[in-house]
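For reference, the structure is listed below as structure tokens.
Computed from the coordinates by the stated procedures, all read-outs in this text should not be read as laboratory data. All of these numbers come straight from a predicted model, not from anything done at the bench. Cβ: placed from backbone, ideal geometry, glycine included. Neighbour counts: every protein chain shown.
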Amino acid sequence: MLEPAAAEAQLFGDSVACDLHARVEIIAGAPMPGALDEAERVLRDIATVDDRRSEEPDPSHTTDPALRRVEAKLDLTLRLLSHALPGLQGPAFQAVRLSSRGLRIDAMTPWPEDGATLRWQAADWMPLSLSLPVTLVARTPSQSWWAFQPLGDSLADVLERHVFRLHRRWLATHRRP
């Protein structure tokens, strides 16, 4: 186990990171077979939707008001389903610092030490939780630091891009008056 300062440096030093409240939990055991492929697909789908909704004008994206209304209705439907069906709600919200290398969870929950899986709802509007293998690298009574186990190049790349988009959103919300 590392000291907290060493864990911070390992997970967040020279890496894009952001602080957020996310639906996360650590569960004992390794992810189910196929979980990493599913995580990659979900993160790619989230990226496609996020790119589609980009605030920057892009000539390839339509500004058709009817399409925007359909997208808004779909968003509301997904949120309604996630709130109406408790099984879709995912883990509880936790204060988290996230990078593509791992995360710090600010909670006093007792977590497993060996063979753990991060369950994470990567988008508020999509009630699907990803399962990623993690290793405990440091702990205090109120925080724990988790490193992602090797994810494979493709999943690591899509995860890094997702964290970058979350970081940009985090910066945008903290710049607003």
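Worth a mention:
- The chain, dipole about Cα centre (Lys/Arg Cβ +1, Asp/Glu Cβ -1), debye to the nearest 20: 580 debye
- Cα-centre dipole for segment 1-47 with unit charges at Cβ (Lys and Arg positive, Asp and Glu negative), debye to 20: 140 debye
- Cα lying deepest toward the dipole's positive end in the chain, options T135, P33, A72, charges on Cβ: A72
- Within the chain, the selection of entire DSSP H helices by a Cα span of 18 Å or greater along the long axis and an average Kyte-Doolittle value of at least -1.0 returns 35-52, 65-84, 153-175.
- Using only the C-alpha atoms, the convex hull of the chain corresponds to 148 Å³ per residue.
- Separation of alpha-carbon centers, segment 98-116 and segment 125-171, rounded to whole Å: 10 Å
- For the chain, with +1 on Lys and Arg beta carbons and -1 on Asp and Glu, the positive-most of L11, F93, L103 along the dipole: F93
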